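Report on the following structure.
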Amino acid sequence: LGFISIGAGFVRSKIVLIVLRALCGIAGSLTIPSALTLLVNVFVEPSEQARAIGVFGGCGAIGNVLGLVIGAIFVQYTSWPWVFWFVAIVALPLAGLCVFLIPKQEERYGEEPMSSSAKFKSLDSVGVSLLTVSLILLIFAVTSGSSSGWGTATVLAPLIISIFLLGGFLYYETLIPPETAAVPPSTWFFKNFSVLFGVALLPYFWWTTVFTIYTNLWQAVFGWRAIDSAIHFIPIGVVAFAASWTGPLARIVDPKWIILSGNVLMIVATVLLALASSAHAYWPFVFPAFVLGSTGAMLTFTHTNIAIFRTTPSRMAGTVGAIFNGALQLGSAVGIAAVTSVESSVEEKSSRGFEGYEGRAAAFWFVLGIVGLETISILVFYRRVGREAVDEEAIQEKKDVVDVEEENRTRQPESSPVAEDEIQMEKEAAQSEEVTEHRR
């Protein structure tokens, strides 16, 4: 990410810059599944794990807003290449620190160690390629709908091809071993996984819609400076970071009700934003909408993240983390494409066009419909799940370790009373831990 960002700051070709930005996105996305896998493996106690995942998400929210502020400072007072060079200034030292600070991950019990080349060959490159091309064509079709017309070949051809490619991806995943599949088919049958995947489409979609609409409105229509626009977004980051510390609530309250509360806050906020048609609407409408909506989006993000790891085995942390964050980005990309299409279609028919608020209001009413649909889905399809199903595998693994150690010791020529006492104590500890986990 750092090296690509250095190059992006020097190029002056639009096409090359877009390609480098895409590569930056790929490089940045590679960090997320690995980071979540580390969190799940390091913080094994459920309450600590929930807190760690929440703070992780809160840092992402802070990063989004800080990126706007820092980028606006560079654009306002220096030049746009410094936006990329600043990323490199941050990313390269962090990469060096990771070499020394990230602990080596031990192989799980019973797994054969794999070489780096074997791990690389086990990647599902065919499946990922099918899915990537499918999503690119889908986003292109949705984005082109308002300008080219929904009945034109420019829209219908990529849309139909994307659907077939998506079906091909899902079918291909059934043909390869589950351990190498990008999205193992069995994943969708974990309790609540499908509905949580759907909910994960929402938070970044809401934030991206707000950032995109108000950045254009404030700067292109109201004539605000970039730094002024960025400062007005600060409440989003502040309340999101504060809400990220609610992770431990998942040990007291069922995540279903926390996620629903977050959706209700987003519903209220989206209604306020749809009504904020005046240039003087920031404090009476936009500011409270930013506070309520960002709190709701962060509650939804944090507790969907916690719930999706609670309902899946810990050995799948990397895969689940990749799917979850893929859903976040997919919701953002496809959602903003749909919102832009709605806004542009309404503005074409409006007498005030881009200068008016009708298109933006329609976009927020569209977002309101999506949030409402998500809320109904959670109410209907989300089922309560405990830790027992998730921890069963880990408990069995610990029992197997104790059994193997006991077997190795009994094979020794002589067994001392002290060794037998140690074996008995380990067995009792394992049984006690199993009982405790099932009680939880």
How charged is the neighbourhood of E173? Take every other residue with its Cβ under 15 Å from the Cβ of E173, and add Lys/Arg as +1 and Asp/Glu as -1.
-2
Give me the one-decimal nm value for the distance between modelled label points at V238 and S34, 7 Å along each residue's Cα-to-Cβ direction.
3.5 nm
By the C-alpha gyration tensor axes a ≥ b ≥ c (rounded if a/c is under 1.5, else prolate when a/b exceeds b/c, else oblate), the shape of the stretch 55-214 is oblate
Quick one: length gained pulling K119 to F3 fully straight, 0.36 nm per residue minus the C-alpha distance?
39.3 nm
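Can you pull out the trypsin sites (Lys or Arg not before Pro) in the stretch 301-375 that DSSP calls coil and that have at most 13 other Cβ atoms within 10 Å?
Those that pass, being in a loop and sparsely packed, are R352.
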Could you please report the charge total around F381, scoring K, R as +1 and D, E as -1 over all other residues with beta-carbon less than 11 angstrom from its beta-carbon?
+2
When the gyration tensor of the stretch 122-178 is built from Cα positions, what are the square roots of 5 times its three eigenvalues, in whole Å, from largest to smallest?
28, 10, 6
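Compactness ratio of the stretch 1-128: Cα Rg over 2.2 N^0.38 Å, N = residue count? Write out the running numbers ahead of the final one.
On the way: Rg = 18.1 Å, N = 128, 2.2 N^0.38 = 13.9 Å.
Taking N as the residue count of the stretch 1-128, the ratio is 1.30.
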Can you check what the net charge comes to around L39, using other residues whose Cβ is under 13 Å from the Cβ of L39 (Lys, Arg +1; Asp, Glu -1)?
-1
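Classify the stretch 14-65: rounded, prolate or oblate, from the alpha-carbon gyration tensor (a ≥ b ≥ c, eigenvalue square roots; a/c under 1.5 rounded; otherwise prolate if a/b is larger than b/c)? Numbers along the way, then the final one.
On the way: a/c = 7.32, a/b = 2.32, b/c = 3.15.
Since a/c reaches 1.5 but b/c is at least a/b, the shape of the stretch 14-65 is classed as oblate.
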At 0.890 mPa s and 25 °C, plugging the Kirkwood radius over alpha-carbon pairs of the stretch 184-387 into Stokes-Einstein gives what diffusion coefficient in µm²/s?
139 µm²/s
Putting +1 on Lys and Arg Cβ atoms and -1 on Asp and Glu Cβ atoms, find which of W82, V44, G96 reaches farthest to the positive end of the dipole of the stretch 1-106.
W82
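Tell me whether the stretch 126-238 comes out rounded, prolate or oblate; compute the Cα gyration tensor, take square roots of the eigenvalues as a ≥ b ≥ c, and use a/c under 1.5 as the rounded threshold. Please list the in-between numbers first.
On the way: a/c = 3.27, a/b = 1.58, b/c = 2.08.
Oblate, since a/c reaches 1.5 and b/c is not below a/b.
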Across every pair of different alpha-carbon atoms, what Kirkwood hydrodynamic radius in Å does the stretch 323-375 reach?
11.9 Å
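Values in this text are rule-based calculations from the coordinates and carry no lab data. Predicted model only: the values in this text are computed from it and were never measured. Glycine gets a Cβ as well: all are built from the backbone with ideal geometry, and neighbour counts include every protein chain shown.
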